[in-house]
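The values are calculated or read from the model by the stated rules, or taken from the named source; none is laboratory data. As the structure is a computational prediction, the values presented were derived from the model and not from experiment. Note that each Cβ is placed from the backbone with ideal geometry, even for glycine, and that neighbours are counted across all protein chains shown. SASA here: full protein model, heavy atoms, side chains in, ligands and nucleic acids out. Shrake-Rupley method; radii C 1.70, N 1.55, O 1.52, S 1.80 Å.
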Amino acid sequence: MPTAEATVTIVENPSGYSLPDSHRRYILWSILFGFAALAVGVFQGFAQGLNYAGINIFSNFPGMRTYYQGLTLHAVLNVFVFPFAAANGWLALTVARSLGRNLNGFLLALSFWLMVAGSLFAGYIIVVGKASVLYTFYPPLRAEWPFYFGVVLLVLSTWTISVAQLVALAGWKKEHPGERIPLLAFVSIATYVMWDIASMGAALEVLFLLLPWSLNLLPGSDPLLSRVLFWFTGHQIVYYWLLPLYVSWYTMIPRQVGGKLFSDTLARIAFILFIVLMPVGFHHQYVDPGVAGYFKWAAGILTFAIFFPSLLTAFSVMYALEMGGRARGGKGMLGWFWRIPWGDPSVSAQVLAMITFLPGGITGLMNASVDMNLLIHNTTFVPGHFHMTVGSAVALSYFGLAYWLIPYLTGRELWGKRLALLQSWLYFVGVLIFARGEISGGLLGMPRRTAISMINYAPLPGWKLAGALTAVGGSLMFVAAVLFFVVLAMTLLAGRKTRPVVDLPFTSTVLGAAPSGNQLILDKISYWVLLSLTLVALVYGPFLLTHIPPTLSAPPFMGY
Amino acid sequence: MEMLAEKLEKGYVWLSILVLVAFFAAIIYASVVLAVVVPGDSGQIVPKRGETLFAAVSRTKPFDQPGVHQTGPNSYDVVVLGQAWMFNPAAIELPVGAEVTFWGTSIDIDHGLYIPGTTVNIMLLPGQIGKQRYRFSRPGQYRIICHEYCGMLHHQMTGTLTVK
Ligand code: HEM
Ligand SMILES: [Cu+2]
Ligand SMILES: [Cu+2]
């Protein structure tokens, strides 16, 4: 069915586009800042892995007062600062390139400095031990105000990029009336629009409940309402971590492996579904009292629905991989798989990341199953699950992305290609062992977020083996992450200067965008936003109506 | 290859939907037929003006009397208060086959009540009344664990439940 396809000149021909140096700098800095945060974060992760094997090294870290202080740092750096900063840089670049328009330079700079400031506020107060509230910061546990303030700045930094993207899109539309939004821009902007809505819950919570409370302006906190607002954001945030890598998997990987994206439409639909199926956060509260069945079942159903776009993604990505593998001589049912360019560290890291995402997604569905959740809620099953998603599908893909993106941004060749390859495999093996340990431990009742090396009762049967595997796998992940940072640092310092890389490796499609007809509605992002808000009102409305104004009766607690 | 791919795509999309629906049907089966249920909304304890949360909890039934209470030939209420960093009561004894209704809340911060090897898994939130049922059909020593982070000594907040 090869129909007419919408074409966008700038996409076919990059010669009319150039990225100003100042923009290039902020994009690079933003991504590097994210990686720097991750470097500190994985160090804590290493200590946490050992903890589960009964080995306590965290008490020896200078200034570390408790296990939980380090754990707070691990998560705030690894899942707030790192993915926010990296996405800010990466999806600013993709939008600018695919629209052929530069984003507003002031906003790029502002976003970067907000990110730095937010990290300093939150990081400082965690390091001095006055915010060991974990990254979920449930009241009545109370951190000192710089923690909440820092978190606000981090989120503002992401909103700034979203504004810059939307301004660029509006400008582009004026110059291209009636044209389809280029796919790469569409998926990048959709990611941020999804996040704009998703971040509202935590933003309201922090701005109106927690920050004023930490400044003693409110009489107390409302523990349940806070949890509800937090998890409204807290589930969708995982797509804000993930979708920037879906952008890479959909639009870059096909080209990198010598294939093509199967369908433009299918890709757009997947991203739209992430915007629409917004209110799923209650699935983190299956075992919370005070939340009625309606909310839990509604979230349960929508959670299964939101698994669907990831299944679509699996189809598109495998199609592209197969196409690439066959073009390189792969034969038979699975022969193509061995023929994709495994020697390219950018490809190997990202394909291995996709593979870990399979068990990652399946264990996610298990968590989401209302009944199953009773067995594993808040056990190590959960970190076992999400190190295969955010800890690997996202982190390892960002490593792979960096292997071409950093050379693109700096004009320096990747240093240590073989080391980079080794790095990706080591991380892959490490995370699988780690997850095997955590998941089996969780099924045996091993609690997460617990200084297991300091408990005052005998570990339950099976915990020792589970903990040992966690530590071994975690240590391999840690070593692999260190190797990544070596490659990154050496590329920046000693990578051979080459001719600048001309363009992003983005793919063409087998079935492209239709220039007219029904499909035009896909590009009407505002319609999807409205639909999303309607669903939010249906699921969250009844809860908020009955819980606002909040019951601010819980006094603060600082015993950490 | 394109035509084939389009066919495959359709098949794949339908298969995906089918699998997800089947999984969800299994959950509904477990909940309705096997009666595996998660906690719901059992009410809230709101302190009066000037009253502390602790005082409000202590005057609210059944939390005025933490512990094990027999309510029928084979049924028991187990009332548990979570507080930093202990369960009240910390040791519970029940006969084999006991049909138990757990009632739990917290007097300070979020805690959790989790018994590995069972489906007893509920958050203890300040001011929220948590309720969950479970039948202890196997004798033995069970470990009660606080599985929601509650500060410095969270890892030492545990208890035992003995079924004889
Ligand atoms: C060297 C690699 C890593 C190791 C060894 C590691 C280890 C761990 C361990 C053992 C836990 C569980 C701690 C507990 O429940 O007490 C944990 C929690 C966590 N990790 Fe990692 N991790 C690593 C990398 C990452 C990465 C790359 C990310 C995300 C990008 C990440 C995100 C998280 C988050 C969000 C938590 C939950 C924190 C909480 O429960 O408050 N980790 N990590
Ligand atoms: Cu979730
Ligand atoms: Cu606890």
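Listing for the model above:
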item	result
Residue-averaged [θ]222 nm for chain B, counting only DSSP H segments that reach four residues, each worth -39500 (n - 2.57)	-7500 deg cm²/dmol
Calculated diffusion of the protein assembly as shown, Stokes-Einstein form, Kirkwood radius summed over Cα pairs, 20 °C and 1.002 mPa s, µm²/s	81
With DNA, RNA and ligands ignored, accessible area of A:S508 (1.4 Å probe; Å², nearest 10)	60
Dipole of segment A:35-182, positive direction: furthest Cα of A:L154, A:F137, A:Q165, with charges on the beta-carbon	A:Q165
Cα long-axis angle, helix A:395-410 against chain A (0 to 90 degrees, to the nearest 10)	50
Chain B: most fluctuating residue of B:V19, B:V78, B:V46 per GNM, C-alpha cutoff 10 Å	B:V19
Candidates B:D110, B:D77, B:D64, ranked by Gaussian network fluctuation over chain B, Cα under 10 Å, top entry	B:D64
Solvent-accessible area buried by B and A, counting both chains, probe 1.4 angstrom, square angstrom	5300
GNM result for chain B, Cα springs below 10 Å: residue of B:V36, B:V96, B:V21 fluctuating most strongly	B:V21
Three principal axis lengths of segment A:194-300 [C-alpha, angstrom, descending]	61, 33, 18
Segment A:25-94-segment A:416-472 distance, computed between alpha-carbon centres (Å)	18
Share antiparallel - DSSP beta bridges, segment B:53-163, percent rounded to 5	65
Cβ-Cβ FRET estimate between A:R496 and B:E93, R0 fixed at 51 Å, reported to 0.05	0.10
Segment A:305-340 and segment A:348-391: distance between their alpha carbon centers, rounded to Å	22
Candidates per trypsin sites (Lys or Arg not before Pro) in segment A:441-519, loop by DSSP, up to 16 other Cβ within 10 Å	A:R496
Against the rule of thumb 2.2 N^0.38 Å, how large the Cα Rg of segment B:53-163 comes out	0.99
Tilt relative to chain A, helix A:417-443 - C-alpha long axis, 0 to 90 degrees, to 10	40
A:M558 versus B:K10: modelled label distance in nm, points set 7 Å from Cα along the beta carbon direction	6.6
Acute angle (nearest 10 degrees) that the helix B:2-32 long axis makes with the longest principal axis of chain B, alpha-carbon atoms	30
For segment A:320-330, Karplus couplings with θ = phi - 60° (6.51, -1.76, 1.60), whole Hz, Gly/Pro x	5, 4, 5, 4, x, x, 6, 4, 9, x, x
Cα centroid separation - segment A:165-227 against segment B:43-63, whole Å	37
Accessible surface ranking that places the most exposed of A:T191, A:T534 first, with a 1.4 angstrom probe	A:T534, A:T191
Accessible area (Å², 1.4 Å probe, nearest 10) - A:V151	20
Cα gyration tensor category, rounded, prolate or oblate, for segment A:380-536 with a/c compared to 1.5	oblate
For B:I109, distant residues with modelled amide H under 5 Å away	B:A84
Net charge dipole size for the protein assembly as shown [Lys, Arg +1 and Asp, Glu -1 on Cβ; Debye, nearest 20]	1040
Amide H partners (placed H, <5 Å) of B:H147, local residues excluded	B:G112, B:L113, B:Y114
